[in-house]
Amino acid sequence: MRSAASGSLVPSLTLEAATAEVAGELAAWFPDEKSLVYWGGPEIRFPLEPGQVAELIEEEGTLSFAARRGEALVGFCQLRGFEPEQRCIRAARIAVAPAARGKGTGATMVQLLCREAPSRFAVDRVELFVVADNLPAIRCYTRLGFINLGLQERRLPGPDGDYPLYKMAIDLGVC
């Protein structure tokens, strides 16, 4: 499966099913424990090893995607936590390669992910959680039409304390 961005912010970006071959490169994107926890949650161990990435890709109920520009891996993202009664799914573990940051790659990747969701699941809405001080991500999601639903009671445990989380959502007719 390859899904290409048309009329997107970054030309020629495609999403494809992620395979274990992306593990080594993805593992190198997180230089410290805090950045890894922000991305993957508290169950991911630092340093991120390719074997952990392979396990994430194979998680039951999770679809993992590699974002590519040409042959270059520029991003990774997942759809997980399908809730059929709410017609909702969660975008998760959204990461952009360090060299591709600040260039619209994340926005285009999330647009493609939102377009992919209803082709795989009976959903009308995509939700995500983001650490409250991850301002670049929050700005990206807001520009795409995600609505900030506020701080969550649940906090993300991290190496230097618990991080507050925002829940954000978009109705797929907007994406």
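The values are calculated or read from the model by the stated rules, or taken from the named source; none is laboratory data. Note that this is a predicted model, so its numbers are computed, not measured. Glycine also receives a Cβ, built like all others from the backbone with ideal geometry; neighbour counts cover every protein chain displayed. For accessibility, only protein heavy atoms count, side chains too; no ligands or nucleic acids. Shrake-Rupley method; radii C 1.70, N 1.55, O 1.52, S 1.80 Å.
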Exposed loop trypsin sites (Lys or Arg not before Pro) only (DSSP loop, at most 15 other Cβ atoms within 10 Å): please give the longest stretch of the chain free of them, not including the sites. 104-175
At 1.4 Å probe size, with the rest of the protein present, what percent of the exposed accessible area of region 1-127 is carbon and sulfur atoms? 51 percent
Between region 61-132 and region 151-175, how far is it from one alpha carbon centroid to the other, in angstrom? 15 Å
Taking amide H positions as placed in the peptide plane 1.01 Å from N, state which residues far from residue 156 in sequence (5 or more) or on other chains have amide H under 5 Å from it. 163, 165
Any idea how far apart residue 139 and residue 54 come out in nm if each label point goes 7 Å out from Cα toward Cβ? 3.9 nm
Net charge around residue 160, counting only other residues with Cβ within less than 14 Å of its Cβ (Lys, Arg = +1; Asp, Glu = -1)? -2
Roughly how many nanometres apart are two label points built 7 Å out from the Cα toward the Cβ at residue 119 and residue 34? 3.8 nm
Cα-only radius of gyration and Dmax that characterise region 55-137, units Å: 13.0, 39
Give me the net charge for the shell around residue 37: Cβ to Cβ below 11 angstrom, other residues only, Lys and Arg +1, Asp and Glu -1. -3
Under 10 Å, Cα contacts only: if you run a Gaussian network model on the chain, which one of 135, 13, 36 comes out with the highest mean-square fluctuation? 135
Per-residue ³J(HN,Hα) for region 16-28, Karplus 6.51 cos²θ - 1.76 cosθ + 1.60, θ = phi - 60°, Hz, x for Gly and Pro: 9, 4, 6, 10, 4, 5, 7, 4, x, 5, 4, 4, 6
Residue-by-residue Karplus 3J(HN,Hα) for region 43-49, coefficients 6.51, -1.76, 1.60, Hz, glycine and proline x: 7, 8, 9, 9, x, 5, 9
What number, in percent, do you get for the relative contact order of region 25-170 if the mean sequence gap of Cα pairs under 8 Å and at least 6 apart is divided by its residue count? 19 percent
Placing +1 on each Lys and Arg Cβ and -1 on each Asp and Glu Cβ in region 5-100, then taking the dipole about the Cα centre, the residue among 62, 75, 100 whose Cα reaches farthest towards the positive end is 100
For the chain, the longest stretch holding no GluC sites (Glu not before Pro) located in a DSSP loop with at most 14 other Cβ atoms within 10 Å is which? 86-175
Quick one: Karplus J couplings for region 147-152, per residue in order, coefficients 6.51, -1.76, 1.60, θ = phi - 60°, nearest Hz, x for Gly and Pro? 9, 7, 8, x, 5, 9
Solvent-accessible area per residue for the chain at a 1.4 Å probe radius, Å²? 49 Å²
Show the residues, 5+ positions off or on another chain, whose built amide H is closer than 5 Å to the amide H of residue 48. none
